[in-house]
Amino acid sequence: MAHWFHRNPLKATAPVSFNFYGVAGSPAANKICNDLRTTRARLLDVFTDVTCSPEIMKNATDAYFSLLQCFISSLDGTTQENKMRFIQNFKWTDTLQGNVPSAQQDALFELASMAFNVALWNTKFASRLAGKENITEAEAKDVHRSLKVAAGIFKALKEVHVPRLITPAEKGRDLEPRVMDAYIIQCQAEAQEVTIARAIELKHNASLIAALAFETANFYLRADHTLNTLEPECSSKWRKYLQLKQHFYMAYAYCYHGQTLLSSDKCGEAIRSLQEAEKCYSRAEALCKDYRQTKGPGSTAKPSEQLFFLKLGGLIKNTLEKCQRENGFIYFHKVPAEAPQLELKASYGLAEPVPFELPPLSQQCTAEVYATFDLTKGARNDKAKPKEEEVKPVKEPDLKPQQDTGCILS
């Protein structure tokens, strides 16, 4: 299932030296600064390493965040802001705004921006793994977990860390609540896609599959509505993806609901449900074309070329024909004019975000070392201001498509 998921680009950032000459007044303080520089560079490197695993990513993230908290957490036993929090300027691009960076002189902005990229990496890892030929059950679980981990990071940023920023994010920037909401909901919806694929593979009850598909379609609808007030040039492509997925899973919901109705001898209602599935599927096909032709940030998914997509079209057609035959021979039910109202609730399989927690503060960050940082000593370096660092776009590895087997599991 290569190219099944739409992915926006990783955020890019300017290099940061953490060279606080004079301010870092002890060898231990200097070591914290040096380690911040090296752990940040290491974390940025693993974002584009195709061999990186979730374990490697977590270790690299924890190494940097445990040190970065030395400039965020209160270390002097008071409730005052950390005196180092606002000493360094950080520049980051945003996933929907091209290569025009945002900048804030705030270590918390750095933490939020870097964590956002870690969440994006988890979604890209899930997409890459889902694109493997003959994916195993263990790998499918990794896809499922990575998407829930990403949702948990986005959720923690929105609810805990971003509200603490002094300068709120501008409209359409990554740390703006609507954008974060869209990412949270999309990750949950995509995690449920894995659940649906597994339920289909294992031939679970049609009513369960219909309910899961209906809930997933509603997730995509919510994500789309979340973005409807953003500028079209930065959100249209993403929204087309969310819309096509919404119609695709509504088609699934009506198809499997039709099977449930047929098994309950409600053949007329089953036919009407299958007819509605056909309409939703046709709309999803049309949206696939619109999506491919819409310009905007991110990689272009190709869902309509996937067997998982194509198989649904065949399933709807065959199930509808079966219902019509049965109705002509056995039931002779009238087909309702209105499509059935889906009021389906899934009892199982709903994806909840994995809670995100920062690692413990580095042991290097003690009150004694913190006291050796002296902001009054930094003014002498004002004459020799460093040159403006350019923010270069992240060169992401290509996702090479493999033969599509039409299955999420083997």
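I'm trying to understand the selection: among the residues of region 215-225, which are open to solvent by less than 30 Å² (accessible area, probe 1.4 Å) and more than 13 Å from Thr195 (Cβ to Cβ)? Passing the criteria: Ala217, Tyr220, Ala223, Asp224. For Glu170, the conditions (1) in contact (Cβ under 8 Å) with a residue 40 or more places away in the chain; (2) in the same structural domain as Lys132 (by the TED database); (3) open to solvent by 30 Å² or more (accessible area, probe 1.4 Å); (4) assigned to a helix (DSSP H, G or I) all hold with the exception of (4).
Annotation: Phe116 fulfils all but one of (1) open to solvent by less than 10 Å² (accessible area, probe 1.4 Å); (2) within 30 Å of Thr376 (Cβ to Cβ); the unmet one is (2). Residues in region 1-32 that are among the aromatic types (Phe, Trp, Tyr) and closer than 30 Å to Ala284 by Cβ were compared, and the one that is surrounded by the most Cβ atoms within 10 Å (Cβ to Cβ) is Phe5. Of all the residues in region 173-201, those that are charged (D, E, K, R), closer than 13 Å to Phe116 by Cβ and in contact (Cβ under 8 Å) with a residue 40 or more places away in the chain number 2.
Of the residues Glu231, Glu201, the single one that is open to solvent by 40 Å² or more (accessible area, probe 1.4 Å) and under 29 Å from Asn89 (Cβ atoms) is Glu231. Restricting attention to region 362-410, the residues that are open to solvent by less than 60 Å² (accessible area, probe 1.4 Å), among the small types (Gly, Ala, Ser) and at pLDDT 50 or above add up to 3. Residues in region 119-140: is at least one free of Cβ contacts under 8 Å to residues at least 24 places away in the same chain, among the hydroxyl-bearing types (Ser, Thr, Tyr) and farther than 22 Å from Asp45 by Cβ? Looking through region 119-140, none of the residues is free of Cβ contacts under 8 Å to residues at least 24 places away in the same chain, among the hydroxyl-bearing types (Ser, Thr, Tyr) and farther than 22 Å from Asp45 by Cβ. Only residues that are among the aliphatic types (A, V, I, L, M), surrounded by 21 or more Cβ atoms within 10 Å (Cβ to Cβ) and either modelled with pLDDT under 90 or over 23 Å from the mean Cα position of the chain (by Cα) (or both) were counted in region 278-311, giving 1. Would you check if there is a residue in region 28-42 being touching a residue at least 24 places away in the same chain (Cβ under 8 Å) and in a loop (DSSP other than H, G, I, E, B)? No, because not a single residue in region 28-42 is touching a residue at least 24 places away in the same chain (Cβ under 8 Å) and in a loop (DSSP other than H, G, I, E, B). Looking at region 254-270 only, could you name the residues that are open to solvent by less than 20 Å² (accessible area, probe 1.4 Å) and farther than 23 Å from Phe308 by Cα? Once the filter is applied, which keeps residues that are open to solvent by less than 20 Å² (accessible area, probe 1.4 Å) and farther than 23 Å from Phe308 by Cα, region 254-270 yields Leu261, Cys267, Gly268. Inside region 234-253, residues that are under 21 Å from Ala169 (Cα atoms) and open to solvent by less than 30 Å² (accessible area, probe 1.4 Å) make up a count of 3.
Yes or no, residue by residue, for (1) part of a helix (DSSP H, G or I); (2) at pLDDT 95 or above; (3) over 18 Å from the mean Cα position of the chain (by Cα):
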{"position": "Asp62", "(1), (2), (3)": "yes, yes, yes"}
{"position": "Leu67", "(1), (2), (3)": "yes, yes, yes"}
{"position": "Ser74", "(1), (2), (3)": "no, no, yes"}
{"position": "Glu81", "(1), (2), (3)": "no, no, yes"}
{"position": "Arg85", "(1), (2), (3)": "no, yes, yes"}
{"position": "Lys91", "(1), (2), (3)": "no, yes, yes"}
{"position": "Thr95", "(1), (2), (3)": "no, yes, no"}
{"position": "Val100", "(1), (2), (3)": "no, no, yes"}
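For region 120-134, the count of residues that are open to solvent by 10 Å² or more (accessible area, probe 1.4 Å), at pLDDT 95 or above, closer than 24 Å to Val394 by Cα and hydrophobic (A, V, I, L, M, F, W, C) is at least one. Taking region 299-316 as the range and being in a helix (DSSP H, G or I) and touching a residue at least 12 places away in the same chain (Cβ under 8 Å) as the test, the residues that pass are Pro303, Ser304, Glu305, Leu307, Phe308, Phe309, Leu310, Lys311, Leu312, Gly313, Leu315, Ile316. For region 202-232, residues that are aliphatic (A, V, I, L, M), in contact (Cβ under 8 Å) with a residue 12 or more places away in the chain and not in a helix (DSSP H, G or I) total 2.
In a residue-by-residue description of region 182-191, the property of being open to solvent by 20 Å² or more (accessible area, probe 1.4 Å), assigned to a helix (DSSP H, G or I) and touching a Leu at 6+ places or on another chain (Cβ under 7 Å) applies to no position. What about Asp45, is it at pLDDT 95 or above, out of contact with any Phe, Trp or Tyr (no Cβ under 9 Å at 6 or more places or on another chain) and over 19 Å from Pro360 (Cα atoms)? Taking the combined requirement at face value, the residue satisfies it.
The values are calculated or read from the model by the stated rules, or taken from the named source; none is laboratory data. Keep in mind that this is a model prediction, so the values were computed, not measured. Heads up, the Cβs are rebuilt from the backbone with ideal geometry, glycines too, and the neighbour counts pull from every protein chain shown. Protein only, heavy atoms only, side chains kept; ligands, DNA and RNA dropped before computing areas. Shrake-Rupley method; radii C 1.70, N 1.55, O 1.52, S 1.80 Å.
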